[in-house]
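Peer 1: If you scroll down you'll find the structure; I have some questions about it.
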């Protein structure tokens, strides 16, 4: 969240005005649905001057979770097509991670329509997307943006919890590594301070 | 990953026949001291290739940055720190480098784990312990490659004095001297110098079968380089072994020109006064031609800051603050060292002037005039003192302790009397002969800075 992105209000308004095409059912290989999410993702990434990652597919296999994930990815595409976000030049790897892992995480909580119609979920999606792209809403500090996102998003709360647990484990491992006899014995230096 | 006592295979993974013979020679010489500890280079073939690559880079790179600017690697370094190092990752974004917070020894002491980058593997981590000047021990994360990396900076410093190291198979590359009641002592070999020997010895007589063995052993080793501190060098001058080192490296404490002169005269070689920290390795070496310490690390940026983390103008004294370094286990981002100097540029090269180990301390003369510790250092400079400390009591009197020849201590007392005036009460006493390894504050005063 080190960079300032577009304003929250601007992106919330954009999401509230999502065209129905971006909420339609994703097309699957079995012929269900009517929006080719994979193609839409390709177009949006092209707007950001980012190529399609090889081996990645946004065509759902027909299972419930894969269809929901593709639906959320489609909604995120609408958000990412915002000209101000395009001008902010988010990094390619972050865009792809948002459209794959990020979309799957959000879809695990709610369907795409909920992120569009429910004001709280709408704010969650906007803040989540900005955060994953390394942005915070214009006019907010990192601390404000972080606090608001963790208050709104159970995914984020979970992520923070896992990250802090990992950090604690790493810190403990470092302390243990430094306390080993082999670490204490040190290694040769040509001078000693 | 071994969790117990390391074995020789772990200490010297590349040990060859020449190295084994060298270790036996160092340990089993009839005049050898008691070796109390073990150490090793810990370098495997990949490490050795890394150390050689780094050495070539250190010796071929320039050191410095445009006056008033930053080195070109700084931006990427800061980005990496803020991504990978837990402590720095918590920083709020800063538009300018100078807006980033500073850290100090106390931060490292609180939780060293927060300063180790996330990608650094832990299985071969080692630690350096330092007692420092405050008495609070500090445990620092490091790696065998970092320890071996010191040599590159020493070579860079030595090159400045026209010395290149050539010790190899069958030679002793370096003897590190200590003179303390208890001292970490060991033998090893240096793979990047074809297994030249390395010995860290304690000159304290209790560590030897006979005090006379000290000179005999040193003469048998005939090291290419002698490293130590002013206390051990003072003892060396008393023992006076017949040695022809290419250079003497002094670290840890202020090396007064008087003692440096004695060493140069006795051993007819350059004596390098290194500014080196456990936290950062060798930072600078004193160059008499420039009357200052020149920097040694191509990837080390130095700022001189006031108490409010603001840069002071060039030529003004302030706290030496380091960013960068070669210890990839402990990247430093605006690390306030607790040491003070002014930064100057000579021919585009950054030079630290008037390096002093701690903040300015002011002393009050009986006539009310204030002098600072630099004035004191100045009058004591010509004397061959191993170390000294000066404290001003609340009653205005001075406690002065010094270690060195009796005549030098007497001269120091007279010099201080001349500086502070004939009515100043100066109680002079020698340091206990061996006061252990703890650093003693060189200057202190019962008067608060606000009294000045």
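The numbers here are math on the coordinates, done by the rules we state, and not lab data. Keep in mind that this is a model prediction, so the values were computed, not measured. All Cβ positions, glycine included, derive from the backbone under ideal geometry; neighbour counts span all protein chains shown.
Peer 1: Report for the protein assembly as shown the percent antiparallel among DSSP-assigned beta bridges with both residues inside it, nearest 5.
Peer 2: Bridges in the protein assembly as shown that DSSP calls antiparallel: roughly 60 percent.
Peer 1: Name the residue, out of A:174, A:86, A:76, whose mean-square fluctuation peaks in a Gaussian network model built on chain A with Cα pairs under 10 Å.
Peer 2: Among A:174, A:86, A:76, the largest GNM mean-square fluctuation belongs to A:174.
Peer 1: Please determine, in degrees from 0 to 90 and to the nearest 10, the orientation of helix A:37-47 with respect to the longest principal axis defined by the Cα atoms of chain A, where the helix direction is its Cα long axis.
Peer 2: 70 degrees
Peer 1: So what is the 222 nm mean residue ellipticity for chain B from helices alone, if each DSSP H run of at least 4 adds -39500 (n - 2.57) and you divide by all residues, rounding to the nearest 500 deg cm²/dmol?
Peer 2: -8000 deg cm²/dmol
Peer 1: Using just the helices of chain A, give the 222 nm mean residue ellipticity in deg cm²/dmol: DSSP H runs with n ≥ 4 each add -39,500 (n - 2.57), and the total is spread over all residues, rounded to 500.
Peer 2: For chain A, the value works out to -18000 deg cm²/dmol.
Peer 1: For the stretch B:45-94, rounded, prolate or oblate, judged on the Cα gyration tensor with a ≥ b ≥ c (square roots of eigenvalues), a/c < 1.5 rounded, else prolate if a/b > b/c?
Peer 2: oblate
Peer 1: Moving to a separate point now. Using the alpha-carbon atoms, what tilt in degrees (0 to 90, nearest 10) does helix A:154-179 show relative to the longest principal axis of chain A?
Peer 2: Roughly 20 degrees between the two axes.
Peer 1: Please grab the % of Cα pairs in the protein assembly as shown that end up more than 49 Å from each other.
Peer 2: I get 29 percent for the Cα pairs in the protein assembly as shown exceeding 49 Å.
Peer 1: Residues of the stretch B:283-312 with the amide nitrogen closer than 13 Å to a label point 7 Å from the Cα of residue B:353, along Cα-to-Cβ, please.
Peer 2: Answer for this model: B:290-293.
Peer 1: Per residue of B:188-195, count partner chain C-beta atoms within 10 Å of its C-beta, then hand back the mean as an integer.
Peer 2: Mean partner shielding for this stretch: 1.
Peer 1: Say each of residue B:194 and residue A:2 gets a label point 7 Å from the Cα, pointing the same way as Cα to Cβ; how far apart are those two points in nm?
Peer 2: According to this spin-label approximation, the distance is 4.7 nm.
Peer 1: Taking each residue in A:29-37, count the Cβ atoms of any other chain within 10 Å of its Cβ, then average. What number comes out?
Peer 2: For peptide A:29-37, the averaged partner shielding equals 0.
Peer 1: Further question on the same structure: Compute and list, largest first, the equivalent-ellipsoid semi-axes of chain B from the alpha carbon gyration tensor, each √(5λ) rounded to a whole angstrom.
Peer 2: 34, 31, 20
Peer 1: Work out, step by step, the length gained on full extension between residue B:34 and residue B:46: first 0.36 nm times the residue separation, then minus their alpha carbon distance; give nm to one decimal.
Peer 2: 1.0 nm
Peer 1: In whole Å, largest first, what are the principal axis extents of the Cα atoms in the stretch B:205-254?
Peer 2: On the principal axes, the stretch B:205-254 reaches 31, 22, 15 Å in Cα extent.
Peer 1: Taking every DSSP beta bridge with both residues inside chain B, roughly what % is antiparallel (nearest 5)?
Peer 2: Among the beta bridges of chain B, antiparallel pairing accounts for roughly 65 percent.
Peer 1: I'd like to compare B:210-217, A:123-130, B:243-250, A:109-116: which one has the highest average count of other Cβ atoms within 10 Å, and what's the full order after that?
Peer 2: A:123-130, B:243-250, A:109-116, B:210-217
Peer 1: Can you bin the stretch B:239-295 into rounded, prolate or oblate? Criterion: square roots of the alpha carbon gyration tensor eigenvalues sorted a ≥ b ≥ c, rounded for a/c under 1.5, prolate for a/b above b/c, oblate for the rest.
Peer 2: Prolate shape, in that a/c is at least 1.5 and a/b is the bigger ratio.
Peer 1: Give me the distance in nm between label points sitting 7 Å out from Cα along the Cα-to-Cβ direction at residue B:268 and residue B:79, one decimal.
Peer 2: Computed distance between label sites residue B:268 and residue B:79 equals 5.5 nm.
Peer 1: Hey, another quick one. Shape of the stretch B:61-176 from its Cα gyration tensor (a ≥ b ≥ c, root eigenvalues): rounded if a/c is under 1.5, otherwise prolate when a/b > b/c, or oblate?
Peer 2: It is oblate, given that a/c is not under 1.5 and a/b is not larger than b/c.
Peer 1: Largest first and in whole Å, what are the equivalent-ellipsoid semi-axes of the stretch A:92-193 based on the Cα gyration tensor, each being the root of 5 times an eigenvalue?
Peer 2: 41, 15, 13
Peer 1: Give the average, rounded to an integer, of partner chain Cβ atoms located within 10 angstrom of each Cβ in A:167-180.
Peer 2: Other-chain Cβ atoms within 10 Å of each residue's Cβ, averaged: 6.
Peer 1: So, one more: Can you tell me the orientation of helix A:119-132 relative to chain A, as the angle in degrees between its alpha-carbon axis and the longest Cα principal axis, to the nearest 10?
Peer 2: Once rounded, the angle reads 50 degrees.
Peer 1: If you count, for each residue, the other Cβ atoms within 10 Å and average over each peptide, how do B:326-335, A:147-156, B:157-166 line up from highest to lowest?
Peer 2: Result, highest mean first: B:326-335, A:147-156, B:157-166.
Peer 1: Next up: Where does each of B:272-282, A:158-168 land if you order them by average Cβ count within 10 Å, highest first?
Peer 2: Most protected by this proxy first, the peptides run B:272-282, A:158-168.
Peer 1: What distance in nm separates the simple spin-label points at residue B:429 and residue A:168, each placed 7 Å from Cα in the Cβ direction?
Peer 2: That separation, rounded to one decimal, is 5.1 nm.
Peer 1: Sticking with this structure for a sec: Indicate, rounded to the nearest 5 percent, the antiparallel portion of the DSSP beta bridges found entirely in the stretch B:71-207.
Peer 2: The antiparallel fraction comes to roughly 60 percent.
Peer 1: What is the projected area of the convex hull of the Cα atoms of the stretch A:3-180, averaged over all directions, in nm²?
Peer 2: 11.9 nm²
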